[in-house]
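The values are calculated or read from the model by the stated rules, or taken from the named source; none is laboratory data. Being a predicted model, the structure only gives us computed values, none of them experimental. As a convention, Cβ positions derive from the backbone with ideal geometry for all residues, glycine included, and neighbour counts pool all protein chains shown. Heavy atoms of the whole protein, side chains included, go into the accessibility calculation; ligands, DNA and RNA do not. Shrake-Rupley method; radii C 1.70, N 1.55, O 1.52, S 1.80 Å.
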Amino acid sequence: MPDLTDEFTWIESLRALTRGDPRALDLADDAAIAPARPGFDLVISVDAMIEGVHFLADEAADVVARRLLRTSLSDLAAKAVEPFGYLLTTAWPSNRDAVWRARFRDGLDEDGRRYGVALFGGDTVSTPGPLALNATVLGWIEAGRMVRRSGAMSGDAMLACGAIGDGWLGLKAARGEITDGDGALARAYRLPEPRFDLRQPLRLHAHAAADVSDGLIADAGHIAAASGLGLEIQLEDLPLSRAAKTWVASQPVRAEALAALAGGGDDYAIACAVPEDSVAAVLAAARAGGSPAARVGRLVAGAGLKIMAGEHQIRPARSGFRHGG
């Protein structure tokens, strides 16, 4: 096996991931070229992952790579954008040998093919700290059509398209803290699915949208704040998987359990604000692939969050994930 711990050998090994796209310049330059596409906007999003924070320290190398791409691409999915490429930055600690790096590259290759994205370049460095990864994803959308966080209107329904709480429960399952008979919860955490299937419904109907990475309460709240509105959420209406429903039923206080799922994060579902006459169409599209989806609240004039569990207003212990707090 080539010595993939050598910087230039590693870069050489990545050339196949460009899939021959001429914009990547065969990774032989310090930059890539994305020519203007008349009538389209170039959309760029960046995500970082740190070992022990965003993935388990003993996670399989290919899973780490696939999780990096999928969580990064999820931002473009929520914007209704068509992805085409990415830039990759890796900060390697000394404990990631050539075999681990080769498997990491294979994971990038697998999901690069799955989502039709080519590697355009990036950077690779060494670090004395934990493994640090960064993916900058690129996509196109017709000019002016990107679905933003802002844009929601008072009276819009807030929808959650995808299972809420499986990511948070999946991390617990991956750590062995809860039972996960068929491994579905751990898979949901390790390999979330960007919701590109909703690209067209979002373009047609959504006033605003965001992917649920920090938690439904937090990310739906970001939409409301960016739109200058208040938000009411009904926890009893959360779209839950069978495993999440089983977990909730096992907890002593139902409202607290639902609040934990809504604040947990790592679901990579899509929260979107849509007008009343579009609710049925968007929910039908979201459910077509077999995932749950539901109306979970509404946008209202004013500011702030109102979280309800049935007829009772509650104050969740945690509204979502925050770095450093």
Give a residue-ordered list of calculated ³J(HN,Hα) values for segment 30-47 (Karplus: 6.51 cos²θ - 1.76 cosθ + 1.60, θ = phi - 60°; whole Hz; x for Gly, Pro).
8, 8, 10, 10, 10, x, 4, 10, x, x, 10, 9, 8, 10, 10, 9, 10, 9
Output the peptides 8-14, 294-300, 309-315 sorted from most to least packed, where packing is the average of other Cβ atoms within 10 Å over each peptide's residues.
294-300, 8-14, 309-315
Mind ranking 21-31, 259-269 by how tightly packed they are, going by the mean number of other C-beta atoms within 10 angstrom, highest first?
259-269, 21-31
By average Cβ neighbour count within 10 Å, what is the ranking of 277-287, 247-257 from highest down?
277-287, 247-257
Based on DSSP H runs of at least 4 residues, each adding -39500 (n - 2.57), what is the mean residue ellipticity at 222 nm of the chain after dividing by all its residues, to the nearest 500 deg cm²/dmol?
-10000 deg cm²/dmol
Angstrom value of the Kirkwood radius, inverse mean 1/r, which spans all Cα pairs in the chain
20.5 Å
For segment 1-102, just say rounded, prolate or oblate: build the C-alpha gyration tensor, square-root its eigenvalues into a ≥ b ≥ c, call rounded for a/c under 1.5, and beyond that prolate if a/b exceeds b/c, oblate if not.
oblate
Probe radius 1.4 Å, ligands and nucleic acids left out: which of F196, F120 has the largest accessible area, and how do the rest follow?
F196, F120
Measure off, as a whole percent, the carbon and sulfur share of the 1.4 Å-probe accessible area of the chain, all protein chains present.
51 percent
Grab the other residues whose beta carbon is less than 9 angstrom from that of A226, score K and R as +1, D and E as -1, and report the net.
+2
For segment 207-325, percent of DSSP beta bridges that are antiparallel (nearest 5) comes out at 75 percent
For segment 132-195 and segment 262-321, what is the separation of their C-alpha centers, rounded to whole Å?
13 Å
Segment 53-76 residues near the modelled N95 label - backbone nitrogen below 15 Å, point 7 Å along Cα→Cβ:
53-61
1/(1 + (r/R0)^6) with r = Cβ-Cβ of T9 and A36, R0 = 30 Å, i.e. FRET efficiency to nearest 0.05, evaluates to 0.30
Find the relative contact order for the chain and round it to a whole percent, using C-alpha pairs within less than 8 Å whose residues are 6+ positions apart.
22 percent
Which shape class, rounded, prolate or oblate, goes with segment 142-291 when its Cα gyration tensor gives a ≥ b ≥ c as root eigenvalues, a/c under 1.5 marks rounded, and past that a/b bigger than b/c marks prolate?
prolate
For K245, go through the lysines and keep the ones whose alpha-carbon is under 20 Å away, minus same-chain ones fewer than eight residues off.
K172
In the neighbourhood of W140 defined by beta carbon distances under 13 Å, the net charge of the other residues (Lys, Arg +1; Asp, Glu -1) is +3
Over the chain, give the accessible area per residue in Å² for a 1.4 Å probe, as an integer.
45 Å²
